[in-house]
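Structure, as structure tokens:
The values are calculated or read from the model by the stated rules, or taken from the named source; none is laboratory data. For clarity, every value in this text was computed on a predicted model and none was experimentally measured. Heads up, the Cβs are rebuilt from the backbone with ideal geometry, glycines too, and the neighbour counts pull from every protein chain shown.
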Amino acid sequence: MRILALDVGDKTIGLAISDELLCTAQGVDVVRRSSWVKDMVQLRNAIERYGVDRILVGMPRNMDGSYGPRSEIVRKFVDKLRIEFPSLEFVFWDERLSTVAAQKNLIAADVSRAKRRKVIDKMAAVFILQGYLDSLQRR
């Protein structure tokens, strides 16, 4: 089993994939959003390339745990994904502070600002997925 994590934004979708043992997350790509059809081609390619069984989607939440307007956008995006990929399981995961953690990690690694912009969404997807995988290990 492999899990593909998505960090869904208006302009990009960060992608991360689990290993087959569900222990580690690795960033694989950033989809530069242009149209639904082109976005789906890129997601389908990733799903097929990695043999994905489950899609983990970062769910934006407010710091108090409530859902805001961005959450509804992500929910509608996933509703459309379920139609495109009916055989896959979809799971939402709290993504609070994933981008902040990714940003701090990249700064600590001395990655330039220009390079950080290119990979921040992929790294956020890694943090989302790794948090989920760690929760599976604790169960």
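Residues in the stretch 4-15 that are small (Gly, Ala, Ser) and under 11 Å from residue 55 (Cβ atoms): 5 alone. Summed over the stretch 43-68, residues that are among the charged types (D, E, K, R) and either surrounded by 21 or more Cβ atoms within 10 Å (Cβ to Cβ) or farther than 18 Å from residue 91 by Cα (or both) total 3.
Yes/no per residue for (1) in contact with a helix residue (DSSP H, G or I) (Cβ under 9 Å, 6 or more places away or on another chain); (2) among the acidic types (Asp, Glu); (3) under 29 Å from residue 138 (Cα atoms):
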| residue | (1), (2), (3) |
| --- | --- |
| 22 | yes, no, yes |
| 26 | yes, no, yes |
| 29 | yes, yes, yes |
| 35 | no, no, no |
| 57 | yes, no, yes |
| 61 | yes, no, yes |
| 87 | no, no, yes |
| 90 | yes, no, yes |
| 94 | yes, yes, yes |
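Being closer than 19 Å to residue 130 by Cβ, at pLDDT 95 or above and among the β-branched types (Val, Ile, Thr): is that true of residue 55 here? Answer is yes for this residue.
One residue stands out in the stretch 18-42 among those that are within 21 Å of residue 86 (Cα to Cα) and in contact (Cβ under 8 Å) with a residue 40 or more places away in the chain: the one that is surrounded by the most Cβ atoms within 10 Å (Cβ to Cβ), namely 18.
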